[in-house]
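Chemist: There's a structure below that I have some questions on.
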Amino acid sequence: MIIIESIVALHRNYFGEIINFVTSNGRVISYRKAIQEAENGLIQGIIAVEEEHGRLSLIPESNQSFDQYPDLY
């Protein structure tokens, strides 16, 4: 059985960059793992997009920013 999760919180580093996400099941996953899971349809509400220089990044489906998510650390 595949469980579809969503992002409920995040963790930013000293520079304000997102480094981890907290899922609805309580897992703490890295940014890279979140990209993989979003591409595989395992996390809803976020989209993996390719930037102009080929790097993948994440954006929320409903908003262009993760600012509405709490920082849990």
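Chemist: When only C-alpha pairs under 8 Å and at least 6 residues apart count, what is the relative contact order of the range 5-60, in percent?
Modeler: This gives 26 percent for the range 5-60.
Chemist: Show me, for the range 36-52, the HN-Hα J-couplings you get by feeding each phi into the Karplus relation (A = 6.51, B = -1.76, C = 1.60, θ = phi - 60°), rounded to Hz, glycine and proline as x.
Modeler: 4, 5, 5, 4, 8, x, 8, 10, 9, x, 10, 10, 8, 10, 8, 7, 4
Chemist: Next question. Charges at C-beta only: +1 for Lys and Arg, -1 for Asp and Glu. How large is the resulting dipole of the chain about its Cα centre, in Debye rounded to 20?
Modeler: 280
Chemist: Taking loop as defined by DSSP and a crowding limit of 12 other beta carbons within 10 Å, which chymotrypsin sites (Phe, Trp or Tyr not before Pro) in the range 5-49 fit?
Modeler: Passing sites in the range 5-49 are Tyr14, Phe15.
Chemist: In the set (1) 5.1; (2) 4.1; (3) 4.3, which value of mean projected area of the Cα convex hull in nm² was calculated from the structure you see?
Modeler: Only one listed value fits the structure, namely (1).
Rule-based calculations on the coordinates, nothing more; no lab input. A quick note: this is a predicted structure, and the numbers were derived from the prediction, not measured. As a convention, Cβ positions derive from the backbone with ideal geometry for all residues, glycine included, and neighbour counts pool all protein chains shown.
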